[in-house]
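Enquirer: Please find one structure pasted underneath; my questions will follow.
The values are calculated or read from the model by the stated rules, or taken from the named source; none is laboratory data. Note that this is a predicted model, so its numbers are computed, not measured. For neighbour counting, all protein chains shown are included, and Cβ atoms are generated from backbone atoms with ideal geometry for every residue, glycine included.
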Amino acid sequence: MYSVPMAAVDFIPVLLFGIAAAVLQRDLYEKMSKGVFALFAAGTIDVFLAGFLKALYKLLYAAGVCDFQPLTQMFFPLQAIGFLLAGLAMLRVKAPRREATALSVAALPVFKGTMIFVVLMVLGLGMMDACLARIALRLKKKPAAILFAVSFVFCLGMGYLASKDFTQSYMNWVAEGVNVIGQGAFLAGALMLHKAGIGREA
């Protein structure tokens, strides 16, 4: 089902998102209260870890090392919660530091189904990309806004592809291509905002 080259490629979109998240964390730090920034950082780190652990699972499986299912089973819960936290934080991107409040993140109960996580993921991702696109338009960076929209559409495409037959090798490569394009667009948009001075204007 997985080949070593395909599993290795799975780390590319993870790296692209990780770089974009780091850029946004640095640029938005001064524009968020401490509590809201903690929410955003925790969310984006959750998303990064979800992708990294799933890519690691594929690599270990393809290399014949082991079939450690928990690595891939954590993907939906971690990524869904991560996108939701990041999306909620982006809604408060203008919050002044003096309004910082203590935040606590409790572990959600384990669900057997994945629909709840799909809903949370789409909701959180939509909020995050929409807020970033709004900031891009405010900075008169329409191409960046378009890139965030493209990233969102391609991420939704990943959700659609998840319902397909991944026992066929070519479907895995199609999914990898869609994921790379989506995360590449997200990184490109984040870099455009960075160059436009999002840290000063957001």
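Enquirer: Modelled with pLDDT of 75 or more and surrounded by fewer than 10 Cβ atoms within 10 Å (Cβ to Cβ), is that true of residue 109?
Expert: No: the conditions fail for residue 109.
Enquirer: Continuing with the same structure: With respect to the numbered conditions (1) under 18 Å from residue 175 (Cβ atoms); (2) in a helix (DSSP H, G or I); (3) modelled with pLDDT under 90, which one is the sole condition not fulfilled by residue 163?
Expert: Result: residue 163 passes all but (2).
Enquirer: Please find, within the stretch 1-55, the residue that is modelled with the highest pLDDT out of those that are surrounded by fewer than 22 Cβ atoms within 10 Å (Cβ to Cβ) and not in a helix (DSSP H, G or I).
Expert: Filtering first and then ranking leaves 33.
Enquirer: Within the stretch 89-98, track down each residue that is modelled with pLDDT of 85 or more and either buried (at least 18 other Cβ atoms within 10 Å of the Cβ) or among the charged types (D, E, K, R) (or both).
Expert: Within the stretch 89-98, 89, 90 qualify.
Enquirer: Could I ask something else about it? Spot the failing condition for residue 60; the list is (1) surrounded by fewer than 20 Cβ atoms within 10 Å (Cβ to Cβ); (2) in contact with a helix residue (DSSP H, G or I) (Cβ under 7 Å, 6 or more places away or on another chain); (3) at pLDDT 90 or above; (4) not β-branched (Val, Ile, Thr), and only one is missed.
Expert: Result: residue 60 fails condition (2) only.
Enquirer: Pairs please, first residue from the stretch 4-16 and touching a residue at least 12 places away in the same chain (Cβ under 8 Å) and under 18 Å from residue 61 (Cα atoms), second anywhere and in a helix (DSSP H, G or I) and acidic (Asp, Glu), Cβ atoms under 7 Å, 6+ apart in sequence or on different chains.
Expert: So the pair list comes out as 6/176; 9/176; 10/176.
Enquirer: Considering the stretch 12-42 alone, what residues qualify as being over 21 Å from residue 147 (Cα atoms) and not hydroxyl-bearing (Ser, Thr, Tyr)?
Expert: Answer for the stretch 12-42, where residues must be over 21 Å from residue 147 (Cα atoms) and not hydroxyl-bearing (Ser, Thr, Tyr): 30, 31, 32, 34, 35, 36, 37, 38, 39, 41, 42.
Enquirer: All but one of (1) surrounded by fewer than 20 Cβ atoms within 10 Å (Cβ to Cβ); (2) under 30 Å from residue 135 (Cα atoms); (3) free of Cβ contacts under 8 Å to residues at least 60 places away in the same chain hold for residue 78; state the number of the condition that does not hold.
Expert: (1)
Enquirer: Among the residues of the stretch 57-92, which ones are over 22 Å from residue 25 (Cβ atoms), polar (S, T, N, Q) and in a helix (DSSP H, G or I)?
Expert: 72, 73
Enquirer: With respect to residue 181, determine if the residue is at pLDDT below 95 and over 20 Å from residue 86 (Cβ atoms).
Expert: Yes; evaluated as a whole, the condition is true for this residue.
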